[in-house]
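K.L.:
I am attaching a structure below and will ask some questions about it afterwards.
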């Protein structure tokens with residue numbers, strides 16, 4: 001039950017009635033009408049811009065059209081008042097009875113409350129993490145992993161058919177470097193003293209088990225062999241080991257992918273040549289010379305003929321190279337094939353989650369998707385900014401090249417999966433995020449994950465107390481459904497019900513914007529409403545949840561708490577966080 005969608009439908013019906021009466025011209029476009037909470041809660045519970053966006057086409061002044069629309073809500077059973085504000089907004093004050101019906105709907109729906117048909121089963125591919133298989137994941141990967149996974153859950157709740165995909169970058173120079181680094185550890189496992197790790201190789205100790213495994217399986221077979229013989233097999237073994245490590249780290253974070261796509265498999269199947277041949281046949285690939293980057297002095301810039309994609313024809317700033325100077329494909333060429341493969345698998349809607357350092361890559365990839373799909377495919381790229389680690393206010397330094405970086409697994413093991421996931425979603429994805437190991441586990445209102453979890457745990461404690469204090473009372477969901485909701489008349493109760501009623505709108509708005517952090521924000525606000533209600537009961541005994549002298553009122557308040565706990569659990573499920581019944 002989404003009251004904002006309900007009123008949008010009622011507005012559309014009102015406009016149709018006015019058209020039928022000849023008071024408005026036919027064919028007005030109602031698609032731009034919004035129904036949402038007013039910025040100032042003092043103005044009511046719902047506002048619409050209907051008169052503002054339709055006035056010109058209707059040939060009327062916005063306030064005059066607003067008055068005409070508002071007249072139709074004089075007898076609406078859910079509307080206490082429809083007021084015209086500013087240049088033509090209509091603010092609705094809704095009757096409390098409407099929120100009582102929302103409460104009943106929540107209790108009937110349980111965790112499904114807030115589920116939406118917005119997506120209508122449309123297939124969406126979300127590619128996230130896709131870290132190079134060259135070592136364990138670090139905290140920077142963690143943010144993109146959590147964001148991408150929560151976005152998938154959000155889209156699923158909004159009615160989309162989502163596929164979670166990991167693109168394995170197992171082709172190119174970096175995996176050859178991985179193989180050489182693993183080979184060094186292989187020699188070490190056979191008893192050689194390797195000394196300092198040479199510059200350019202991966203120095204982390206995480207490759208030692210790979211070296212030992214190679215030594216156990218192959219003995220000294222590769223010890224004196226030329227690189228051309230051992231590199232392919234060592235590379236495959238190292239990639240397999242790194243991907244196993246990455247999968248394990250992701251599972252510790254509660255993330256499981258539906259599909260792993262191999263870049264090397266696409267290359268070996270000739271998918272890159274195939275998609276580029278198609279672009280070439282459409283005159284979208286040519287040989288040309290690029291100018292140096294504008295505003296930059298590049299001392300080693302060399303003007304040379306290159307194979308270029310006409311990216312400027314699809315919104316990019318410059319055309320983009322498809323081949324390196326050695327004749328091998330650029331990463332961009334492989335990425336084009338990857339996205340064409342997605343489109344061919346039925347995904348017209350694609351979302352990629354990248355690190356902020358890939359910001360300059362967005363336009364070219366969007367241009368490529370437009371070209372290879374004939375404009376039928378849509379790519380949305382979400383960039384995740386850096387995570388800065390602190391410990392009691394002091395920066396925690398990390399360096400992947402030196403092998404001393406803080407891994408994702410270390411963070412999860414120290415503070416727990418749920419804390420990591422929630423905190424990673426307390427900022428918009430393109431804003432920097434500070435993660436302090438001390439603050440994320442403190443028990444205070446300033447710690448959002450604690451504040452939300454505490455609300456759910458407090459409600460669970462109320463039900464345990466109710467079972468102890470009222471042993472004869474029926475506290476089953478079926479009994480709560482029969483509660484006299486009309487007894488919930490205190491301002492704190494009404495405010496809490498209004499917050500609960502906003503959950504379906506919050507889901508749809510977050511899904512449309514591809515912004516799962518909005519769910520974390522909503523949960524914090526809902527928790528604040530509940531804690532305020534709790535505190536009010538501590539000060540005024542008549543507002544306590546359990547009233548031994550008033551069974552009907554107790555049952556109604558417990559019904560409200562059950563609905564609140566269910567909605568909190570539903571929101572936490574989107575974030576991939578388990579609700580707790582007790583705080584420890």
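K.L.:
Of all residues in region 108-129, which are at pLDDT 95 or above and either more than 24 Å from the chain's Cα centre (by Cα) or in a strand (DSSP E or B) (or both)?
P.N.:
Correct list: 123, 124, 125, 126, 127.
K.L.:
Count, please, the residues in region 262-296 that happen to be assigned to a loop (DSSP other than H, G, I, E, B) and closer than 21 Å to residue 314 by Cβ. It would help to see each step written out before you state the result.
P.N.:
Initial filter on region 262-296 (assigned to a loop (DSSP other than H, G, I, E, B)): 269-270, 282-284, 289-296.
Filter once more, so that each one left must be closer than 21 Å to residue 314 by Cβ: 282-284, 289-291, 293-294.
Here the count works out to 8.
K.L.:
Please work out if residue 355 is at positive phi and either within 25 Å of the chain's Cα centre (by Cα) or at pLDDT below 95 (or both). Working first, answer last.
P.N.:
Numbers: at positive phi: no; either within 25 Å of the chain's Cα centre (by Cα) or at pLDDT below 95 (or both): yes.
No; evaluated as a whole, the condition is false for this residue.
K.L.:
Identify the single condition in (1) crowded, with 18+ Cβ neighbours inside 10 Å; (2) over 31 Å from the mean Cα position of the chain (by Cα); (3) modelled with pLDDT of 90 or more that residue 133 does not satisfy, given that it satisfies every other one.
P.N.:
(2)
K.L.:
Looking only at region 1-28, how many residues end up being in contact (Cβ under 8 Å) with a residue 12 or more places away in the chain and out of contact with any helix residue (DSSP H, G or I) (no Cβ under 7 Å at 6 or more places or on another chain)? Don't jump to the end; show me each part of the working.
P.N.:
At the first step, the residues of region 1-28 found to be in contact (Cβ under 8 Å) with a residue 12 or more places away in the chain are 1-5, 7-8, 10-12, 14-15, 17-18, 23-25, 28.
Filter once more, keeping what is out of contact with any helix residue (DSSP H, G or I) (no Cβ under 7 Å at 6 or more places or on another chain): 5, 7-8, 10, 17.
Residues in region 1-28 being in contact (Cβ under 8 Å) with a residue 12 or more places away in the chain and out of contact with any helix residue (DSSP H, G or I) (no Cβ under 7 Å at 6 or more places or on another chain): 5 in total.
K.L.:
Suppose we filter region 540-554 for residues that are touching a helix residue (DSSP H, G or I) at 6+ places or on another chain (Cβ under 6 Å) and outside any helix (DSSP H, G or I); how many remain?
P.N.:
Counting residues in region 540-554 that are touching a helix residue (DSSP H, G or I) at 6+ places or on another chain (Cβ under 6 Å) and outside any helix (DSSP H, G or I) gives 4.
K.L.:
Could you pull out the residue among 513, 501, 509 that is under 21 Å from residue 157 (Cα atoms) and buried (at least 19 other Cβ atoms within 10 Å of the Cβ)? Before you say what the answer is, go through the steps one by one.
P.N.:
Working: 513 fails: buried (at least 19 other Cβ atoms within 10 Å of the Cβ); 509 fails: buried (at least 19 other Cβ atoms within 10 Å of the Cβ).
None of the other options fit; the residue is 501.
K.L.:
Take residue 75 and decide whether it is free of Cβ contacts under 8 Å to residues at least 60 places away in the same chain, on the phi < 0 side of the Ramachandran plot, surrounded by fewer than 15 Cβ atoms within 10 Å (Cβ to Cβ) and more than 31 Å from the chain's Cα centre (by Cα). Can you show your working first?
P.N.:
Details: free of Cβ contacts under 8 Å to residues at least 60 places away in the same chain: yes; on the phi < 0 side of the Ramachandran plot: yes; surrounded by fewer than 15 Cβ atoms within 10 Å (Cβ to Cβ): yes; more than 31 Å from the chain's Cα centre (by Cα): yes.
So residue 75 passes the test.
K.L.:
Hey, any hits in region 19-39 for a residue that's more than 30 Å from residue 110 (Cβ to Cβ), assigned to a helix (DSSP H, G or I) and modelled with pLDDT of 90 or more?
P.N.:
Within region 19-39, one or more residues are more than 30 Å from residue 110 (Cβ to Cβ), assigned to a helix (DSSP H, G or I) and modelled with pLDDT of 90 or more.
K.L.:
Sticking with this structure for a sec: Answer with yes or no whether residue 253 is under 38 Å from the mean Cα position of the chain (by Cα) and more than 22 Å from residue 170 (Cα to Cα).
P.N.:
Numbers: under 38 Å from the mean Cα position of the chain (by Cα): yes; more than 22 Å from residue 170 (Cα to Cα): yes.
Here the answer is yes, as residue 253 does meet what is asked.
K.L.:
Here's something else I'd like to know. Scan region 401-414 and tell me whether some residue there is more than 18 Å from residue 127 (Cα to Cα), at pLDDT 90 or above and surrounded by fewer than 17 Cβ atoms within 10 Å (Cβ to Cβ).
P.N.:
Yes; the residues of region 401-414 include at least one that is more than 18 Å from residue 127 (Cα to Cα), at pLDDT 90 or above and surrounded by fewer than 17 Cβ atoms within 10 Å (Cβ to Cβ).
K.L.:
While we're here: Surrounded by fewer than 17 Cβ atoms within 10 Å (Cβ to Cβ) and closer than 30 Å to residue 332 by Cα: is that true of residue 356 in this structure? Even if it seems obvious, please write down each step before you answer.
P.N.:
Working: surrounded by fewer than 17 Cβ atoms within 10 Å (Cβ to Cβ): yes; closer than 30 Å to residue 332 by Cα: yes.
Against the criterion (surrounded by fewer than 17 Cβ atoms within 10 Å (Cβ to Cβ) and closer than 30 Å to residue 332 by Cα), residue 356 qualifies.
K.L.:
Kindly indicate the residue of region 315-339 that is farther than 13 Å from residue 279 by Cα and within 27 Å of the chain's Cα centre (by Cα) and also modelled with the lowest pLDDT among those meeting that condition.
P.N.:
That would be 331.
K.L.:
A further question on this structure: Consider only pairs whose beta carbons are under 7 Å apart and that are at least six residues apart or on different chains; among these, list those whose first residue lies in region 205-227 and is within 24 Å of residue 245 (Cα to Cα) and whose second residue is part of a loop (DSSP other than H, G, I, E, B).
P.N.:
Pairs that qualify, where the first residue is within 24 Å of residue 245 (Cα to Cα) and the partner is part of a loop (DSSP other than H, G, I, E, B), are 205/403; 206/135; 206/136; 215/190.
The values are calculated or read from the model by the stated rules, or taken from the named source; none is laboratory data. Predicted model only: the values in this text are computed from it and were never measured. Cβ sites come from the backbone with ideal geometry, for glycine too, and all protein chains shown count toward neighbours.
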